[in-house]
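Engineer: Okay, here's the structure, questions in a sec.
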Amino acid sequence: MCWPGGCPGGGSSQGEQLTIFQYWSHLVAPHVSLDAYVMELAEEVLLAQNLNSDDQDVVLKALKRVPESRLRKDGLKAMSSLLIEGNSKVVSAVSAQLRSLAENPRFRERALVWYLEQLEDEEAQTRIASCAALGCLRAKESIEQLVYLCQTDKEDVREAAKQSLMLCGEDGKSAHRRLEETLNSLPRIFAPGSMASTAF
């Protein structure tokens, strides 16, 4: 668990865990107000609820004022889900918001770690949504993982990973081309004529 604004000691948010002692130390620190902390936590919860709303107007309104410090796991998950479940207007708004927020290095790192973790989720829809989010972030750091999904996962996940690769700059496009060349060569390698010619 981490409180809004980061983990104690400036550590990485990857694990987003803290001990009871660290949690208490944070609350009793001179610069921290319990009321302020509770308010921040409530705002995070409300933001995630609004992003998950069935009312498009509520979702779009929430997207217009997403503070990066409030956007934690639940909010990040909601935004990636909207990329594959929302209509074109919502998808466009989420994409623009993720690209804008990604200009903040701390947010980008936090989002990158979260979405990379979600590529290993058991649910295919979660993996697809994370691929879409990584594409919005133009996350070159995810190229290796995306290529792996293209080679091993279900067809709809593979397609989402390919699309995201194309958004990851020249490195992503190059990886996509190499992948396509490899996949296109497989039918020739395993074609009956090829098998016969290499049997002896």
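The values are calculated or read from the model by the stated rules, or taken from the named source; none is laboratory data. Just so we're clear, the structure is a prediction, and the values are computed from it rather than from any experiment. Please note: Cβ atoms are built from the backbone with ideal geometry, for glycine as well, and neighbour counts cover all protein chains shown.
Engineer: Checking Ile128 against (1) crowded, with 17+ Cβ neighbours inside 10 Å; (2) over 12 Å from the mean Cα position of the chain (by Cα), only one condition comes out false. Which one?
Structural biologist: (2)
Engineer: If you don't mind, there's one more thing I want to ask. Any idea which of Asp54, Asp74, Asp35 is over 21 Å from Arg127 (Cβ atoms) and modelled with pLDDT of 90 or more?
Structural biologist: Answer to the check: Asp54.
Engineer: Which ones in region 153-170 are in a helix (DSSP H, G or I) and within 19 Å of the chain's Cα centre (by Cα)?
Structural biologist: Asp156, Val157, Arg158, Glu159, Ala160, Ala161, Lys162, Gln163, Ser164, Leu165, Gly169
Engineer: So Lys77 clears everything in (1) surrounded by fewer than 20 Cβ atoms within 10 Å (Cβ to Cβ); (2) part of a helix (DSSP H, G or I); (3) not small (Gly, Ala, Ser) except one condition, right? Which one?
Structural biologist: Looking at each condition in turn, Lys77 falls short on (1).
Conditions (1) crowded, with 18+ Cβ neighbours inside 10 Å; (2) in contact (Cβ under 8 Å) with a residue 40 or more places away in the chain, marked per residue:
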{"residue": "Ala48", "(1), (2)": "yes, no"}
{"residue": "Asp54", "(1), (2)": "no, no"}
{"residue": "Asp57", "(1), (2)": "no, no"}
{"residue": "Ser69", "(1), (2)": "no, yes"}
{"residue": "Lys73", "(1), (2)": "no, yes"}
{"residue": "Ser100", "(1), (2)": "no, no"}
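Engineer: Since Gln49 meets every condition but one in (1) farther than 21 Å from Leu112 by Cα; (2) touching a helix residue (DSSP H, G or I) at 6+ places or on another chain (Cβ under 7 Å); (3) modelled with pLDDT of 80 or more, which condition does it not meet?
Structural biologist: (2)
Engineer: What number of residues within region 102-123 are crowded, with 18+ Cβ neighbours inside 10 Å, in a helix (DSSP H, G or I), without any contact (Cβ under 8 Å) to a residue 40 or more places away in the chain and more than 9 Å from the chain's Cα centre (by Cα)?
Structural biologist: 2
Engineer: Output the residues belonging to region 52-82 that are among the hydrophobic types (A, V, I, L, M, F, W, C), within 11 Å of the chain's Cα centre (by Cα) and farther than 15 Å from Ser100 by Cβ.
Structural biologist: Within region 52-82, Ala78 is the sole residue that qualifies.
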